[in-house]
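Worksheet: the structure to be examined is printed underneath.
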Amino acid sequence: MRILLMGNPNVGKSALFSRITGTRAVVSNYAGTTVGFTKGSMKLGNEEIEVIDVPGTYSLEPTSKAEEVAAKMLQEGDVVINVVDATNLERNLYLTLELLEKGLPMIVALNLWDDTKHRGITIDAAKLESLLGVPVVPTVAVSGQGIKELVEHISEARSVKPAPRTKEERWAAVGGIITEAQTLAHRHHTWLERLQDASLKPRTGIPIAILALVASFFAVRGVGEGIIQYISDPIFHNLWQPVMMRLSDALGGAGFWHDVLVGRLIDGSINFSQSMGVLTTGLYIEFGVVLPYILIFYLVLGIMEDIGYLPRLAVLLDSIMHRLGMHGYAIIPSMLGMGCAVPALMATRILESKRERFIAATLICIAIPCAASQAMIFGLVGAKGWQYVTIVFAVHFIVWIVMGLILNRTVKGFSPELLIEIPPYRLPSPRGVLSKLWLRVWSFLKEALPIVLGAIFVVSVLYSLGVFDAIANFTAPLVSGIFGLPKEAVVAIIVGFMRKDIAIGMLAPLSLTAGQLVVGSVVLTMFFPCVAAFVMFAKELGFKRLLAALGIMIIATIVVGGLLNLIL
Amino acid sequence: MSDKKKISICELRQGQSARVVEILGGRGVAERLNAMGVRPGKDITKVSSAPMKGPVTVSVDRCQIAIGYGMAQKVTVEVI
């Protein structure tokens, strides 16, 4: 048996899904958090049941890729749990009636039930049940209230199958149900509601947006640096270093396996940023440098998501984003891209047109350095002075704008207008925030670590075979001539196909000037997506578009890298 | 009759309420707005409009919807 969780966007389907299956799913307070579908399973009696968290949709006539997924999934389900936002019953019931007309056995979860009271909404659930003809269970997915009852009632799911209605008839039917089952009382505005209006109105909203973004940036930088300085560096230098030195001795201080595992000794000891061994530099870059930033970045992003801030940012930035060929909602995948391009590329599904998705995806790969790259830029370039880090970020920002302007003029197709629901602000629950953080950090480690270790292994092997010398000589005209980098930097560029963080780390032993480091980090982050992003781009947008994006990226990198080299 | 003048939601003042009369333009636009609860006969209140012809945000049934400027121009209302 297969159960589908269906409903409007942002009604808590993913939270409910996590509750009934025990599978973790990313939950946020904005429409379009779930863009693919997540599968899980639950036990009902003795039967193992498949549960699918379907992306939210307002109606069964799909208008975006995510909604298309939803409509298609409907043909493959046996039972539907229609998740309904109790605070917004009227609009939610439209989809409910559409679903009923499809004739699948159904049960309604009246979610966000706890929110109805302070909003002055009273819903007669029993009445609603008799009007709809299917079981209705009030739930609070975030806290778990009503979940047990919901599961108990799944076996009572019924197929009503009323005659198909026209749109007008359906709305009229919704109106009839609302009048009988719901009463609204007047109530006063809460401070949260005042804040939510203030962050939407331009006069107050723009200062709030600037404040929120600047504060987030400094929080990420400050806390990330703090974790490195006080936690990860001491662990590596005081605890891991002696272990590695022992291993180095055991391996005889040199040789193939020594170079692969420990790396080269620098002045007789291990240098975590330069030795380039799998167990030294490999682990240090991922756990010592990148992980601290990943942790704090996703914590800050998670809090902003759960409060419900991002859609407001999308509204404020919409007119600027239109000039770059996208609408405001593209700010959500773009911000996810500051964490990792892989989920960001997937999140471009919330954009309706192919053109818009292509532009957003290309810009994410070209001009938005991921958290891993940023961590390395902070560490490596920051050591030369923060003004250089500022230059790197400013260059990326300018590239993002200029490339957006160019793509908007050259890419065929249309970019539709923004049409989104602005969710009410909600106070994030610590449990929810932490569980999402864990989910994202875990998937980062799971996906990144094998590639990181693999990349370092491959590099060690190629080094020992002397392949890089040949490549370095061959590419010297480009690397040295245009970018002004030593020819050995080509190794970093090659590693950049696999992992950007390791690639930037490989600039460390080259004793570059500050200017060269700036050029190097910009070139590495821009010129090509890492292998994980490469695969995701091809999967999401197709191979032809990937090739187009790659062409754009390579040309842009040569132009920008060359110009920077001339200026710096 | 002057207070029943038909205007687009772009022309509403912040905080002003109005009733949706019709949604001009293609079927796609009307369809999407309709599914989100913005449809003829509904009462809406303008919450804000973003700068430089940015989206117009209205509240309808205690729920806020942001509508891109071009689309917003097609939502005709009469002030109530």
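None of the figures in this text is laboratory data; all of them are computed from the coordinates on show. Model, not experiment: these values are computed from the prediction. Cβ placement follows ideal geometry from the backbone for every residue including glycine, while neighbour counts extend to all protein chains displayed.
Is the shape of the stretch A:85-243 rounded, prolate or oblate, going by the alpha carbon gyration tensor and its root eigenvalues a ≥ b ≥ c, with a/c under 1.5 for rounded and a/b larger than b/c for prolate? Taking the square roots of the gyration eigenvalues as a ≥ b ≥ c, the stretch A:85-243 is prolate. Under 5 Å between amide hydrogens, built in the peptide plane, is the criterion, and for A:Ser159 it picks out A:Met106 among residues at least 5 positions away or on other chains. When each of A:Arg312, A:Arg19 is scored by the number of other beta-carbon atoms lying within 10 Å, the sequence from fewest to most is A:Arg19, A:Arg312. Residues within the reach of a label modelled at A:Glu61 (point 7 angstrom out along Cα to beta-carbon, backbone nitrogen below 15 Å), restricted to the stretch B:19-63, are B:23-40.
Find, to one decimal place in angstroms, the Kirkwood hydrodynamic radius of the protein assembly as shown, where the mean of 1/r is taken over every pair of different Cα atoms and then inverted. Present the calculation step by step, with values, prior to reporting the outcome.
Working: mean 1/r = 0.0376 Å⁻¹.
When all Cα pairs of the protein assembly as shown are included, the Kirkwood radius is 26.6 Å.
For the stretch A:377-477, chymotrypsin sites (Phe, Trp or Tyr not before Pro) are listed when DSSP marks them as loop and at most 12 other Cβ atoms sit within 10 Å of their Cβ; the list is A:Phe414.
Translational diffusion coefficient of the stretch A:338-408 (Stokes-Einstein, Kirkwood radius from Cα pairs, 25 °C, 0.890 mPa s): 188 µm²/s.
Treating r as the C-beta distance of A:Ser511 and A:Leu211 and R0 as 45 Å, the FRET efficiency rounds to 0.65.
Between A:Leu568 and A:Ala126, what length in nm is gained on full extension when 0.36 nm per residue of separation is reduced by their alpha carbon distance?
Details: separation 442, 0.36 × 442 = 159.12 nm, distance 7.18 nm.
Contour length minus the Cα-Cα distance gives 151.9 nm.
Take the Cα radius of gyration of the stretch A:423-568 and divide it by 2.2 N^0.38 Å, N being the number of residues; the result is 1.26.
The stretch A:178-273: percent of C-alpha pairs farther apart than 19 Å? Spell out each step's value before the answer.
On the way: 3139 of 4560 pairs.
Every Cα pair in the stretch A:178-273 considered, those over 19 Å come to 69 percent.
With a Förster radius of 25 Å, plug the Cβ-Cβ distance of B:Glu22 and A:Glu101 into 1/(1 + (r/R0)^6) and report the FRET value to the nearest 0.05.
Details: r = 26 Å, r/R0 = 1.05.
In this case the efficiency is close to 0.45.
As a rough footprinting exposure proxy, the listed residues A:Tyr94, A:Tyr293 were ranked by other beta carbons within 10 Å of their own, and the order from fewest upward is A:Tyr94, A:Tyr293. Remark: the stretch A:421-524 carries a charge dipole of roughly 500 debye about the Cα centre, counting +1 on each Lys and Arg Cβ and -1 on each Asp and Glu Cβ. Here the 3J(HN,Hα) profile of the stretch A:269-286, calculated from phi with Karplus coefficients 6.51, -1.76 and 1.60 at θ = phi - 60°, is 9, 7, 10, 4, 8, 10, 5, 6, x, 4, 8, 9, 4, x, 5, 5, 4, 6 Hz, Gly and Pro shown as x. Computed over Cα pairs, the Kirkwood radius of the stretch A:374-419 leads via Stokes-Einstein (1.002 mPa s, 20 °C) to a diffusion coefficient of 167 µm² per second. Once the Cβ-Cβ distance of A:Val535 and A:Ile558 is raised to the sixth power relative to R0 = 25 Å, the FRET efficiency obtained is 0.55.
The 3J(HN,Hα) values that the Karplus relation (6.51, -1.76, 1.60; θ = phi - 60°) gives for the stretch A:325-341 are, in residue order, x, 10, 9, x, 5, 5, 5, 5, x, 5, 6, 4, x, 6, x, 7, 5 Hz. Gly and Pro appear as x. Modelled label positions at A:Arg194 and A:Ser443, each set 7 Å beyond Cα in the direction of Cβ, lie 3.8 nm from each other.
Looking only at the stretch A:324-356, which residues have a backbone nitrogen under 16 Å from a spot 7 Å from the Cα of A:Leu405 in the C-beta direction? Only A:324-326 fall inside the zone, counting backbone N under 16 Å.
Per the Debye calculation on the stretch A:416-497 with a single equal scatterer at every Cα and no solvent contribution, log₁₀ I(q)/I(0) for q = 0.11, 0.15, 0.17 Å⁻¹ amounts to -0.60, -0.73, -0.79.
Taking other C-beta atoms within 10 Å as the exposure proxy, A:Met498, A:Met326, A:Met403 rank A:Met498, A:Met403, A:Met326 from fewest upward.
Relative to the longest principal axis of the Cα atoms of chain A, the long axis of helix A:371-380 lies at roughly 30 degrees. Distance between the modelled labels on A:Phe414 and A:Ser464, one decimal in nanometres: 6.0 nm (7 Å Cα→Cβ projection).
Take the cross-link list A:Lys148/A:Lys446; A:Lys412/B:Lys74; A:Lys446/A:Lys500 and give me the ones stretching past 21 Å between alpha-carbons.
On the way: A:Lys148/A:Lys446 33 Å; A:Lys412/B:Lys74 25 Å; A:Lys446/A:Lys500 16 Å.
Pairs exceeding the cut-off: A:Lys148/A:Lys446; A:Lys412/B:Lys74.
The long axis of helix A:514-526 is offset from the longest Cα principal axis of chain A by roughly 40 degrees. For a label point 7 Å from the Cα of A:Ser269 along Cα→C-beta, name the residues of the stretch A:216-251 whose backbone N is under 16 Å from it. What the label zone holds, given the 16 Å backbone N cut-off, is A:233-249.
Under a 5 Å amide H cut-off, with hydrogens placed 1.01 Å from N, B:Gln64 pairs with A:Ile422 among residues at least 5 apart or on other chains. For chain A, find the longest principal axis of its Cα atoms and tell me its angle to the long axis of helix A:291-307, 0 to 90°, nearest 10. That helix lies at roughly 20 degrees to the long axis.
Remark: mean inter-chain Cβ contacts per residue of A:521-532 equal 0, using a 10 Å Cβ-Cβ cutoff to other protein chain atoms. A convex hull fitted around the alpha carbon atoms of the stretch A:425-467 yields 70 Å³ per residue. Charging the Cβ of each Asp and Glu at -1 and of each Lys and Arg at +1, and nothing else, the dipole of the stretch B:33-80 about its Cα centre rounds to 100 debye. For A:Lys539, list the lysines whose Cα falls under 17 Å from its own Cα; do not include residues on the same chain fewer than 8 positions away. Within the straight-line limit of under 17 Å, A:Lys539 reaches these lysines: A:Lys65, A:Lys354. Placing unit charges on each Cβ (+1 for Lys and Arg, -1 for Asp and Glu) gives chain A a dipole about its Cα centre, and among A:Val83, A:Leu351, A:Pro135 the Cα reaching farthest toward its positive end belongs to A:Leu351.
Taking θ as phi - 60° and the Karplus parameters 6.51, -1.76 and 1.60, the scalar couplings of the stretch A:382-399 work out to x, 5, 8, x, 5, 4, 6, 4, 4, 4, 4, 5, 5, 4, 4, 5, 5, 4 Hz in sequence order, x denoting glycine and proline.
Give the shape of the stretch A:242-364 as rounded, prolate or oblate, defined through the alpha-carbon gyration tensor: a ≥ b ≥ c are the square roots of its eigenvalues, a/c under 1.5 means rounded, and otherwise the shape is prolate if a/b is larger than b/c and oblate if not. Prolate.
Could you tell me which of rounded, prolate or oblate describes the stretch A:33-79, using a ≥ b ≥ c as the square roots of the eigenvalues of the alpha-carbon gyration tensor, with rounded for a/c under 1.5 and, failing that, prolate when a/b is larger than b/c and oblate otherwise? Prolate.
Would you mind working out the magnitude of the charge dipole of the stretch A:47-95 relative to its Cα centre, with +1 at each Lys and Arg C-beta and -1 at each Asp and Glu C-beta, to the nearest 20 Debye?
Details: 3 positive and 11 negative charges, 64 e Å.
The dipole of the stretch A:47-95 has a size of about 300 debye.
For the pair B:Arg13 and B:Asp43, the difference between a 0.36 nm per residue extended length and the Cα-Cα distance amounts to 9.3 nm. Quote the Stokes-Einstein diffusion coefficient, in whole µm² s⁻¹, for the stretch A:383-445, based on the Kirkwood radius over alpha carbon pairs, a temperature of 4 °C and a viscosity of 1.567 mPa s. Estimated via Stokes-Einstein, D reaches 77 µm²/s.
Its Cα gyration tensor gives the stretch A:1-138 an equivalent ellipsoid; the semi-axes, largest first and in whole Å, are 21, 17, 16.
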